[in-house]
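Heads up: the structure comes next, in structure tokens.
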Amino acid sequence: MPLDHRGSSLAALAALLADPTRAEFCSALLDGRAWTAGELARSAGVAPSTASEHLSRLIAGGLLAEERQGRHRYVRLAGPAVATLIEDLTVFAEAGGKPDRAPTTLREATRQSAEARARTCYDHLAGRLGVAVADALLDRGLVSDDAGLAVTERGHAWLAAQAIELPPRAGRPGARPVVRSCLDWTERRSHLGGALGAALCRTLLDRAWVERIGSGRALRVTPDGCRALRELLGVEVSVEVS
């Protein structure tokens, strides 16, 4: 008996992510930025021609979106739903009952440590910083979890006072949810995604309260960021010493 459409579609998606190189590309793109094929090739340690072939398959499968600027070809995750899928699969894979693989180099250990402290999960905050911000928003009544996550009236007033805007269509049918829970794969607790999570992350980056470390997902909280997080949310963060 032939497979139904849903079964064949799921099998096709699984096949796309079954290749280690394609999975590595999707994981790298969880930083929310657009990368060139050459950058992804170097990140995964494969030849440019190999990267191009894999990227074409991911684009055709709907996981990545392509942008061209002059001679350069940029790719990014196709949207928040894809980012959620990749992050959820990562959590599922890491929680398979086996101990986490220990880093084999100082560079890898440093990266893992930095990502555990603070990183982007597509376009929102993750790691210990992301969980701490989520806890503070809930503890202060800015976000409620009484009947599913929602921004409270107090929360909307707080966002307005900080000049943080949510997209006008957020939460409407077919649009991105205002706020959603996202299980953090390093902390094994939840941080906040959705339009709220994206707006908070964008604000911290735009105001230089956090800054990216190199080309990866890790973030560093700046001295101004430490003060702002303490004053606005009661979140205590130590300034990282480089």
Exercise for the section: State which residue is nearest to Arg42 (Cα to Cα) when the search covers only the range 179-207 and only residues that are buried (at least 21 other Cβ atoms within 10 Å of the Cβ) and without any contact (Cβ under 8 Å) to a residue 40 or more places away in the chain. Expected result: Ala195
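Looking at Ala208, Ala199, Ala170, Ala228, which one is aliphatic (A, V, I, L, M) and at pLDDT below 95?
Working: Ala208 fails: at pLDDT below 95; Ala199 fails: at pLDDT below 95; Ala228 fails: at pLDDT below 95.
Among Ala208, Ala199, Ala170, Ala228, only Ala170 is aliphatic (A, V, I, L, M) and at pLDDT below 95.
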Fill in the blank from the handout: With criteria (1) closer than 22 Å to Ser8 by Cα; (2) surrounded by fewer than 18 Cβ atoms within 10 Å (Cβ to Cβ); (3) without any contact (Cβ under 8 Å) to a residue 40 or more places away in the chain; (4) not basic (Lys, Arg), Ala47 comes up short on (1)
Practice task
Those residues that are β-branched (Val, Ile, Thr) and under 29 Å from Ala118 (Cα atoms), I need them from the range 28-58; list them, please.
Solution key: Thr36, Val46
Practice task
State whether one or more residues within the range 208-215 are assigned to a loop (DSSP other than H, G, I, E, B) and open to solvent by less than 30 Å² (accessible area, probe 1.4 Å).
Solution key: no
Problem - Candidate set from the range 135-156 (those that are more than 19 Å from Ala170 (Cα to Cα) and at pLDDT 90 or above); member that is least open to solvent (accessible area, probe 1.4 Å) - result: Ala136
Exercise for the section: Kindly indicate whether any position in the range 157-164 is in contact (Cβ under 8 Å) with a residue 40 or more places away in the chain, buried (at least 23 other Cβ atoms within 10 Å of the Cβ) and part of a helix (DSSP H, G or I). Expected result: no
Practice task
May I ask you to verify whether Arg71 is within 23 Å of Leu219 (Cα to Cα) and open to solvent by 50 Å² or more (accessible area, probe 1.4 Å)?
Solution key: no
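The values are calculated or read from the model by the stated rules, or taken from the named source; none is laboratory data. Everything numeric in this text was worked out from a predicted model, so none of it was measured. Reconstructed Cβ throughout: ideal geometry from the backbone, glycine too, with neighbour counts over all protein chains shown. Just the protein is used for accessible areas: all its heavy atoms, side chains included, with ligands, DNA and RNA removed. Shrake-Rupley method; radii C 1.70, N 1.55, O 1.52, S 1.80 Å.
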